[in-house]
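Heads up, the thing below is written out as structure tokens.
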Amino acid sequence: MSKRFRPSNRGEAKLISKIESSKEYERRRAINLVGDRMETLSNVISMKLVENDLVETSNKNSLQEQLGYCLEKLIHSEDFDIDYQIAPVRHIVSNPHVVSLYVTAFVIEQLIKHKDIIDIYGSDEEIYTCINRQVTKYLA
């Protein structure tokens, strides 16, 4: 049988509170780091998406600009807006990175509509994995 959570038990409540606080801290820290590395991130993510044949574009610079716009929007968004954007792709992986999820959602839902994007290939997981490799490399 699983253990029942009783909010009256102060030890458990304190531990859960610490876990939630640390998750929220890491989320804020990652989003704040994006501001310092925005140009680099948009460049490497766009390059890898094209190299891995996940995005076909007629203009790589336009792809990089769109990803830069996405990252700029991320750092100025409220928590609700971020959660709303990533909601459709939240369950791609078990322990997702918020920046990778946000950019993945942007690529899947918004970027496909851009005039310079010919097509987007691969599964949501493949796109997330490609983006996450670059995000963890530059935000770690």
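The numbers here are math on the coordinates, done by the rules we state, and not lab data. As the structure is a prediction and not an experimental result, all values here were calculated from the model. Using ideal geometry, Cβ is built from the backbone for each residue, glycine included, and neighbour counts are taken over all protein chains shown.
Work out the FRET efficiency for Ser58 and Gln110 from their Cβ-Cβ distance, taking R0 = 25 Å, and round it to the nearest 0.05. It would help to have the intermediate numbers written out before the result.
On the way: r = 17 Å, r/R0 = 0.69.
Efficiency for this residue pair is about 0.90.
May I ask you to derive the relative contact order of the chain, considering only C-alpha pairs under 8 Å and at least 6 residues apart, and to give it as an integer percent?
On the way: 128 pairs, mean separation 42.8, N = 140.
This gives 31 percent for the chain.
Please report His97, His114, His76 as a ranked list, fewest other C-beta atoms within 10 angstrom at the top and most at the bottom.
His76, His114, His97
Mind telling me which of Asn59, Asn32, Asn43 comes out most flexible in a GNM of the chain, alpha-carbon contacts under 10 Å?
Highest fluctuation among the options: Asn59.
With charges only on Cβ, +1 for K and R and -1 for D and E, what is the dipole size of region 10-139 about its Cα centre, in debye, rounded to 20? Walk me through the numbers before you get to the answer.
Working: 16 positive and 21 negative charges, 111 e Å.
My answer is approximately 540 debye.
Sort out the exposed loop trypsin sites (Lys or Arg not before Pro) in the chain (DSSP loop, at most 16 other Cβ within 10 Å) and tell me the longest stretch that has none. List each step's numbers first, then the result.
On the way: sites that count: Lys3, Arg4, Arg37, Arg90, Lys115.
Answer - 38-89.
By the scheme Lys and Arg +1, Asp and Glu -1, what is the net charge of all other residues having a beta-carbon under 13 Å from that of Val93?
Working: positive: Arg90, Arg133; negative: Asp124, Glu125, Glu126.
Result for the local shell: -1.
With θ set to phi - 60° and the Karplus curve 6.51 cos²θ - 1.76 cosθ + 1.60, what are the ³J(HN,Hα) couplings of region 74-82 in order, to the nearest whole Hz, using x for Gly and Pro?
Rounded to whole hertz, the list is 4, 6, 9, 8, 7, 4, 4, 5, 5.
Taking loop as defined by DSSP and a crowding limit of 10 other beta carbons within 10 Å, which GluC sites (Glu not before Pro) in region 22-97 fit?
On the way: sites: Glu24, Glu26, Glu39, Glu51, Glu56, Glu65, Glu72, Glu78; in loops: Glu78.
Passing both the DSSP loop test and the Cβ count: Glu78.
What percent of all Cα-Cα pairs in the chain falls into each 5 Å bin, going from 0 up to the bin containing the maximum distance?
Bins of 5 Å from zero give 2, 10, 19, 21, 18, 11, 6, 5, 4, 3, 2, 0 percent of pairs.
Can you give me the distance in nm between label points at Glu26 and Asp124, each placed 7 Å from the Cα along the Cα-to-Cβ direction?
2.1
Computed over the Cα atoms of region 30-78, what is the ratio Rg over Rh, Rh following Kirkwood? Could you put the intermediate results ahead of the total?
Values: Rg = 11.2 Å, Rh = 11.1 Å.
Value, to two decimals: 1.01.
Could you list Phe80, Phe106 in order of exposure, starting from the residue whose Cβ has the fewest other Cβ atoms within 10 Å? Numbers along the way, then the final one.
Numbers: Phe80 8, Phe106 22.
Least to most surrounded, the residues fall as Phe80, Phe106.
Please compute the net charge surrounding Asp53, taking Lys and Arg as +1 and Asp and Glu as -1 over other residues with Cβ under 15 Å from its Cβ. Spell out each step's value before the answer.
Numbers: positive: Lys48, Lys60; negative: Glu51, Glu56, Asp119, Glu126.
Residues close to Asp53 contribute a combined charge of -2.
Using a 10 Å cut-off around each Cβ, can you sort Tyr25, Tyr138 from fewest to most neighbouring Cβ atoms?
Tyr25, Tyr138
What do you get for the angle between helix 98-109 and the principal long axis of the chain? Use alpha-carbon atoms, 0 to 90 degrees, nearest ten.
Computed tilt is about 40 degrees.
Which length gain, in nm to one decimal place, applies between Glu51 and Tyr69 when the Cα-Cα distance is subtracted from 0.36 nm times their residue separation? Each step should come with its number before you reach the end.
Numbers: separation 18, 0.36 × 18 = 6.48 nm, distance 2.08 nm.
Stretched out fully, the Glu51 to Tyr69 stretch lengthens by 4.4 nm.
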